Amino acid sequence: RNLFAERGRSEQEIAAKIDAAWQSLFASSDNNRRVYYPAGENEHGPTAYVKDIGNDDVRSEGMSYGMMIALQLDKQAEFNAIWNWAKTYMQHQEGDRQGYFSWHNREDGSRIDPNPASDGEEWFATALFFAAGRWGDGTGIYRYRAEADAILNTMLHKTDMIGGSSMVTNMFNREQKQVVFVPYGMAATFTNPSYHLPPFYE
């Protein structure tokens, strides 16, 4: 459904409105308007982060929302740059949290809180699955479906992966069949309503 169209807006008006938002938030270099910040390159190509302008930091939900926006608007370069930054600075590559993403980082990439927030992983995985469908798989970290599968597998089976040997848990409670608030300790014993994304689960 296109709610703008249902309200009687023309295709041209709708396209202009969406493009204006993209130009302001992603294409602009005006720090009073943008949330998308190019951040150089690494061995995987360009990197960029989506900034929480209210707190001067970077959060996994903002990064994954940015990926979904780029995906929906067919902006693969920006999608890849955000994913590259998230993969490089936010995703744990070792330890009990391996495969999860820190939810809270500084603009230089350093971590403020190593724990994941479950909505970030949900949006990362779904955006990557959609990217595989829209653009097909690339190479390396841009093998979108493989990356999404790995995140989803971690979300569902983390406790098994680490043999139940730490306070890190799955992101979904198997008995309650609900997403947990944070897959760590007592924070995994309750949920957050805003993290429930039924269309993604289907």
Provide, for q = 0.26 Å⁻¹, the log10 of I(q)/I(0) from a solvent-free Debye sum over equal Cα point scatterers in the stretch 1-81.
-1.29
Here are labelled values, (1) 23.3, 79; (2) 17.5, 57; (3) 19.9, 68, and one is the computed Rg and Dmax of the Cα atoms in Å for what I pasted. Which one?
(2)
Leu73 to Glu43: FRET efficiency via 1/(1 + (r/R0)^6), r the Cβ-Cβ distance, R0 25 Å, to the nearest 0.05?
0.40
For the stretch 104-125 and the stretch 183-202, what is the separation of their Cα centres, given in Å?
15
Could you derive backbone 3J(HN,Hα) for the stretch 120-133 from the dihedral phi with the Karplus parameters 6.51, -1.76 and 1.60 (θ = phi - 60°), listing whole Hz in sequence and x where the residue is Gly or Pro?
x, 5, 4, 6, 4, 4, 5, 4, 5, 4, 5, 5, 4, x
Could you pull out the pairs from Lys87/Lys158; Lys75/Lys158; Lys51/Lys75 whose alpha carbons sit more than 28 Å apart here?
Lys75/Lys158
Treating the Cα atoms of the stretch 74-187 as identical point scatterers in vacuum, please give the log10 of the normalised Debye intensity I(q)/I(0) at q = 0.18 Å⁻¹, two decimals.
-0.91
Looking at the stretch 134-202, what % of the alpha carbon pairs are farther apart than 20 Å?
38
Nearby aspartates and glutamates by direct alpha-carbon distance to Lys17 (threshold 12 angstrom, same-chain neighbours under 8 apart not counted)
none
Debye sum, Cα scatterers, the stretch 25-68, no solvent: what log₁₀ I/I(0) at q = 0.14, 0.18, 0.33 1/Å?
-0.32, -0.52, -1.22
Probe radius 1.4 Å, ligands and nucleic acids ignored: give me the carbon and sulfur share of the accessible area of the chain as a rounded percent.
50
Accessible surface, the chain, averaged per residue in Å² (probe 1.4 Å):
54
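Please compute the Kirkwood hydrodynamic radius of the stretch 56-120 from all pairs of different C-alpha atoms, in Å with one decimal.
Kirkwood hydrodynamic radius for the stretch 56-120: 11.9 Å.
The values are calculated or read from the model by the stated rules, or taken from the named source; none is laboratory data. None of the values given here were measured: they were computed from a predicted structure. Cβ coordinates were reconstructed from backbone atoms using ideal geometry, including for glycine residues, and neighbour counts include every protein chain displayed. These area figures cover heavy atoms from the full protein model, side chains too; ligands, DNA and RNA do not enter into them. Shrake-Rupley method; radii C 1.70, N 1.55, O 1.52, S 1.80 Å.
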